[in-house]
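The values are calculated or read from the model by the stated rules, or taken from the named source; none is laboratory data. Since this is a predicted model, take the numbers as computed values, not measurements. Cβ atoms come from the backbone with ideal geometry, glycine included; neighbour counts cover every protein chain shown. Heavy atoms of the whole protein, side chains included, go into the accessibility calculation; ligands, DNA and RNA do not. Shrake-Rupley method; radii C 1.70, N 1.55, O 1.52, S 1.80 Å.
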Amino acid sequence: MSELHFDPAAPLPHLPGHSSGGRLERILRAGKFAVTAELNPPDSADPRDVYDRALVLSEVCDAINATDASGANCHMSSVGICSLLTRAGYAVIMQISCRDRNRIAIQGDVLGAAAMGVQNILCLTGDGVQAGDQPEAKPVFDFDSTSLLKCIRGMRDEGKFLSGRKITVPPRVFLGGAANPFVPPLDHRAIHIGKKIAAGAQFIQTQYCYDVPMLRKFMAKVREQGLHEKAFFLIGVGPLPSSKTARWMRSNVPGVHIPDAVIERMEKSKNEKAEGKQLAIDLIQEIKEIEGVHGIHVMAYRQEEFVNEIIHASGVMKNRQPSRAPRPETPISISA
Amino acid sequence: MYAVRLWSVRHAKGLNRFYKAFERVLVALHPLWNRIGYDKVERPFQVMEQATKGFLFDCQMCGQCALSSTGMSCPMNCPKTLRNGPCGGVRPNGHCEVKPEMKCVWVQGWMGAENMGDLSKIKDVQVQVDNRLKGKSSWLRVVRMEKKVGEFAPKPPKAPPAKKADAAAAPKPAGEGKAA
Ligand code: SF4
């Protein structure tokens, strides 16, 4: 017997000017400082691995990012994670990378995701296959992140597939793009983001920020073009577990920029792990003061347990409760 | 050739100007192409285009040239074939994430656009490529587009043209997805 009293993935009542029925968009449009966090996808087929991690994160964030084989390493898919999380009422940001699927697969996934209750989609290029555990794979890149944004916006606003065929109920999603203000061409990164915004990005999540002066320069360019009024900027932060990992990350993870000073600070400390945490807190406090920044995006690879502490200590959630996840009485499984 | 490709980006402005003039000549010669037949000139055009653009830009013959919007740096040489700008993996020295020995096509692209002194074109959002055009002449396509020949010819105005084409393409629009 199906005993579904309440659908946790149901959209919130429609608000004028909103493209989704999701919580993240509401928080941002209400002018609150938003927090999103990345869930490390499990290498398992056990839903509990997803739920355990989500529970920790959801206490301190407005939406959980479900990564799509980031770093080109194979894990549970973003669609799979979103399916689990939406049925339990979590707000998710489904990441779509252009690396693994062609336009036919992606448009189908967008409809499926929206039907499951996904309200936010982040469009990414995706790391090259050479960065991952299966470098012999065929890279697809049928879209790039900008053309993907434009395609999904068309599905939502015009109710059409790329072919022009009609979609009877369009996916109501809040669309995001990624930015990396810390790698060349530095002078043009903001213009490039403007292009993504023109193509449909409504929020921007950035790569890890360990270099605040560089971020300031980027945000100045963003403001110059008025982009901070057209999209919401969430800056990526994350605790570094050790100076060794920091060194490894900057030479092995594409697009991660960590200044020497940061690594020295880690090396000089007695407890590197605690220092990494403190560094993240300090960064958040500096970042949140920059004009045009609307929130942070926490990526704590294999350190979810710290996210709570970092958010609380940084004070960004001070005056409000995060739009929490499932109510305890929420029926999670539907037995047929 | 890689070195020539870099040279071309440094001379983006001149090359773009030359190309625009060349394009006008091609368009002006429309009566000639029409007389011979667009199908017949397609192959020689492909060979010519491949030879010149292959030499200058390492052109990959995508059939829908975007060079003037990419600072004369061919985006199909990007290992991810990105057509709207760089990925987030560009190395600190401006080299490519995937091919460390190569300069990022898009760092080059922005340089080219600077050289052209016009950043407006590079801001145009490019849509995903039409894979059916691979190997075809993009020059000829520009002429056909301009002169409204072939697939660009105006559709008969009577019935709603888009619908008609749709109906012709899909045998049973009502039963989509049940083709098998
Ligand atoms: S670094 Fe540049 S050339 Fe390499 S994949 Fe990224 S955008 Fe393409």
Test each condition in (1) within 14 Å of another protein chain (Cβ to nearest Cβ); (2) open to solvent by 10 Å² or more (accessible area, probe 1.4 Å) for A:ASP109 and report the one that comes out false.
(1)
Can you confirm whether the stretch A:202-212 contains a residue that is free of Cβ contacts under 8 Å to residues at least 40 places away in the same chain, in a loop (DSSP other than H, G, I, E, B), crowded, with 24+ Cβ neighbours inside 10 Å and more than 8 Å from chain B (Cβ to nearest Cβ)?
no
How about the stretch A:112-128: which of its residues are closer than 17 Å to A:PHE161 by Cβ and either open to solvent by 20 Å² or more (accessible area, probe 1.4 Å) or within 16 Å of the ligand (Cβ to nearest atom) (or both)?
A:GLY112, A:ALA114, A:ALA115, A:CYS123
Condition check for A:LEU162: more than 15 Å from the ligand (Cβ to nearest atom), in a loop (DSSP other than H, G, I, E, B) and within 12 Å of chain B (Cβ to nearest Cβ)
yes
So which of A:GLY292, A:GLY276 ends up being of a type outside the set (A, V, I, L, M, F, W, C), in contact (Cβ under 8 Å) with a residue 40 or more places away in the chain and farther than 19 Å from B:GLY88 by Cα?
A:GLY292
Just give me the residues in the stretch A:140-155 being open to solvent by less than 30 Å² (accessible area, probe 1.4 Å) and either in a helix (DSSP H, G or I) or more than 9 Å from chain B (Cβ to nearest Cβ) (or both), in sequence order.
A:SER145, A:THR146, A:SER147, A:LEU148, A:LEU149, A:CYS151, A:ILE152, A:GLY154, A:MET155
Under 7 Å between Cβ atoms, which residue pairs at least 6 apart in sequence (or on different chains) link something in the stretch A:246-266 that is more than 26 Å from B:VAL98 (Cα to Cα) and open to solvent by 30 Å² or more (accessible area, probe 1.4 Å) with a partner that is part of a helix (DSSP H, G or I) and hydrophobic (A, V, I, L, M, F, W, C)?
A:ARG265/A:LEU279
In the stretch A:175-201, residues that are in a strand (DSSP E or B) and either farther than 22 Å from A:VAL35 by Cβ or within 13 Å of another protein chain (Cβ to nearest Cβ) (or both) total 3
Looking at (1) in contact with a strand residue (DSSP E or B) (Cβ under 9 Å, 6 or more places away or on another chain); (2) assigned to a loop (DSSP other than H, G, I, E, B); (3) under 28 Å from A:MET299 (Cβ atoms); (4) more than 9 Å from chain B (Cβ to nearest Cβ), which one does A:ARG172 not meet, given that it meets all the others?
(1)
Residues in the stretch A:185-192: is at least one touching a residue at least 60 places away in the same chain (Cβ under 8 Å) and within 23 Å of B:GLN128 (Cα to Cα)?
no
Out of all the residues in the stretch B:82-106, which are without any contact (Cβ under 8 Å) to a residue 40 or more places away in the chain, more than 6 Å from the ligand (Cβ to nearest atom) and buried (at least 24 other Cβ atoms within 10 Å of the Cβ)?
B:GLY85
Take the stretch B:70-81 and flag every residue that is near the ligand (Cβ under 10 Å from one of its atoms), part of a loop (DSSP other than H, G, I, E, B) and more than 11 Å from every other protein chain (Cβ to nearest Cβ).
B:SER73
Scanning for something without any contact (Cβ under 8 Å) to a residue 24 or more places away in the chain and open to solvent by less than 20 Å² (accessible area, probe 1.4 Å), does the stretch B:3-10 turn up at least one residue?
no
Given (1) at pLDDT 95 or above; (2) open to solvent by less than 20 Å² (accessible area, probe 1.4 Å), index of the condition A:SER83 fails
(2)
